[in-house]
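Data first, discussion second: the structure below is written as structure tokens.
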Amino acid sequence: MVELSGILGVVVVALGMVLTPGPNMIYLVSRSITQGRRAGIVSLGGVALGFMVYLVAANLGLSVVFIAVPELYFAVKLAGAAYLAYLAWNALKPGGVSVFAPRDVPHDSPRKLFTMGLMTNLLNPKIAIMYLSLIPQFIDLDKGHVLLQGLILGSIQIVVSVAVNLTIVLAAGAIAVFLSRRPSWLKVQRYAMGAVLGALAVSLAIDTSGPTKVS
């Protein structure tokens, strides 16, 4: 049903995106460090629900739009590459701050934590771009069952993202202390993530494949 190359492609994209500092990671790390692991896990539940909302919306409607209006597909692809490049620059630019740098945030109830996690994800342009222009490129129309392919690949992305974020939530405190004692490692973390994101941006920008490979 789904090609192994497609699965591996989604895994690479998911890892590249989730390991790049953005609103989700910043929010989850801040909550975990200041309010404890439980708060981080509750917040992650909201983030996971946000992924599911995007997954369903993308697979139910985006394929029809992209095939009907190929120009929109290429426009979104270029927009995705531009945004990835922007995130890479934020990580690599002089004076950039690591996601594990200490931040002060107020303590909130579990309900608010969950809601904020959900809204942080839904309002995160990185996630929207991932579902709009990255994951759909690994769907193969020749294999049929396009909707099912999209749901499977999207589910793989969610599993990867939630697993990585859960690991970060559980280890955030220890990682923050470790890196705070090693300032040079904070730079290495930023540069590594910036390089991965920049590579994804270039790969997306030079890809000339048409919308027949998405749905």
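Observations on the structure shown:
- Filtered residue count, segment 145-167, keeping only those that are without any contact (Cβ under 8 Å) to a residue 60 or more places away in the chain and open to solvent by less than 40 Å² (accessible area, probe 1.4 Å): 0
- Pair list, Cβ under 6 Å, 6 or more apart: segment 35-56 residue in contact (Cβ under 8 Å) with a residue 12 or more places away in the chain, other residue not in a helix (DSSP H, G or I): Q35/H107
- Against the test of being over 16 Å from Y27 (Cβ atoms), modelled with pLDDT under 70 and open to solvent by 70 Å² or more (accessible area, probe 1.4 Å), the options V97, V64 yield a single qualifying residue, V64.
- Candidate set from segment 1-50 (those that are open to solvent by less than 10 Å² (accessible area, probe 1.4 Å) and not in a helix (DSSP H, G or I)); member that is nearest to S203 (Cα to Cα): T20
- Applying the criterion of at least 2 residues that are of a type in the set (A, V, I, L, M) and at pLDDT 75 or above to the helices (runs of 4 or more DSSP H) found wholly in segment 123-215 leaves 146-180, 183-206.
The values are calculated or read from the model by the stated rules, or taken from the named source; none is laboratory data. Since the structure is predicted, the reported quantities are computational estimates derived from the model, not experimental observations. Don't worry about glycine lacking a Cβ; one is built from the backbone with ideal geometry, like all the others, and counts go over all protein chains shown. To get the accessible areas, we keep the full protein, side chains included, count just its heavy atoms, and leave off ligands, DNA and RNA. Shrake-Rupley method; radii C 1.70, N 1.55, O 1.52, S 1.80 Å.
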